[in-house]
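The values are calculated or read from the model by the stated rules, or taken from the named source; none is laboratory data. Since the structure is predicted, the reported quantities are computational estimates derived from the model, not experimental observations. All Cβ positions, glycine included, derive from the backbone under ideal geometry; neighbour counts span all protein chains shown. Quick note on the areas: whole protein, heavy atoms, side chains included, nothing else; ligands and nucleic acids left out. Shrake-Rupley method; radii C 1.70, N 1.55, O 1.52, S 1.80 Å.
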Amino acid sequence: RLGISYRSESDIRMNGKLDWDLTDLRGGALESVLTPPTLQEFLIKNYRPDTDARLIFTIPAKLNVGFFTELTDKLDFMLNYTFNKTSVVKDLRIDLTNQTTDTKQGSVTLAQNWRDTYTAAAGINYRWNDKLTLRTGLQFDQTPISSSKYRHPGLADNDRWMASFGLGYQIDKHTSVDLAYSYLWIAPGDANFHEPCTGTYYERDDNSVGGASECTANGGTFRASYYDSHAHIFGLQLNKRL
């Protein structure tokens with residue numbers, strides 16, 4: 001058996017609130033001469049006011065090809081390949097809308113520059129007898145993050161491997177149960193993410209401040225090394241045919 005499916009690109013539109021929390025901010029001598037009396041209140045009113053926020057996220061197109069064959073009366077073999085058009089995601093942009101204060105904040109943009117990716121998997125079913133079927137499989141899922149300079153601390157993804165084991169048991173003609181265990185391993189990775197927005201404007205190519213577009217961020221460079229991560233996933237399913 002050969003199966004092919006395609007899901008087109010689509011957009012998800014999200015609306016919410018951007019609320020700044022400056023309660024842990026510590027002021028110096030300037031705080032005593034500001035009106036209102038605290039540095040936090042001054043910044044919230046004039047520099048970082050709360051606003052409405054809007055994000056449009058593109059779900060990439062996906063092409064999936066699946067293959068199934070019975071090798072013997074007891075053994076099935078399966079392959080699956082998925083191509084993900086993730087290169088359409090160049091950045092994650094949060095627009096700050098309905099601003100009523102004198103200070104107008106620019107958008108918050110996280111450069112992503114994703115690449116196209118793929119997911120590949122293989123599995124087998126072994127029918128032990130008329131009631132018991134054993135299953136196992138292996139999957140590789142490629143990360144869309146193209147390099148360490150686009151690995152943001154809020155989205156520190158990397159390549160993933162997953163091995164799965166399970167069984168299905170036919171209790172009677174109308175009832176069956178499935179039990180599964182999967183081990184997920186995420187590869188280690190480095191981050192060297194630079195935020196070109198230094199407060200209100202993007203940096204120029206010469207790293208000086210004053211780019212053409214307004215923006216909102218804190219600037220700076222984030223460097224880190226992430227250890228490999230793993231997860232244990234258990235699943236239990238009861239099926240009842242009416």
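Which of the residues spanning segment 210-242 are in contact (Cβ under 8 Å) with a residue 60 or more places away in the chain, of a type outside the set (A, V, I, L, M) and either surrounded by 11 or more Cβ atoms within 10 Å (Cβ to Cβ) or under 30 Å from Asp52 (Cβ atoms) (or both)?
The answer is Ser213, Glu214, Cys215, Thr216, Phe222, Tyr226, Gly235, Gln237, Asn239.
Can you tell me which condition Pro188 does not meet? The list is (1) farther than 21 Å from Tyr227 by Cα; (2) under 25 Å from the mean Cα position of the chain (by Cα), and all the others hold.
Answer for Pro188: the failing condition is (1).
Taking only segment 86-119 into account, find how many residues are in contact with a Leu (Cβ under 8 Å, 6 or more places away or on another chain) and either farther than 30 Å from Ile44 by Cα or assigned to a strand (DSSP E or B) (or both).
Here the count works out to 10.
Suppose the filter is at pLDDT below 95, open to solvent by less than 80 Å² (accessible area, probe 1.4 Å), touching a helix residue (DSSP H, G or I) at 6+ places or on another chain (Cβ under 9 Å) and over 19 Å from Leu92 (Cα atoms); does Gly189 pass it?
Spelling it out, Gly189 is indeed at pLDDT below 95, open to solvent by less than 80 Å² (accessible area, probe 1.4 Å), touching a helix residue (DSSP H, G or I) at 6+ places or on another chain (Cβ under 9 Å) and over 19 Å from Leu92 (Cα atoms).
Looking only at residues that are in contact with a Ser or Thr (Cβ under 9 Å, 6 or more places away or on another chain) and open to solvent by 30 Å² or more (accessible area, probe 1.4 Å) in segment 110-120, which one is farthest from Thr198 (Cα to Cα)?
For segment 110-120, the residue satisfying everything is Ala120.
Determine the pairs where a residue that is closer than 28 Å to Tyr118 by Cβ, located within segment 6-25, has a partner that is open to solvent by 90 Å² or more (accessible area, probe 1.4 Å) and part of a strand (DSSP E or B) with Cβ atoms under 9 Å apart, the partner being 6 or more residues away or on another chain.
Going by the 9 Å Cβ cut-off, the qualifying pairs are Arg13/Arg54; Met14/Arg54.
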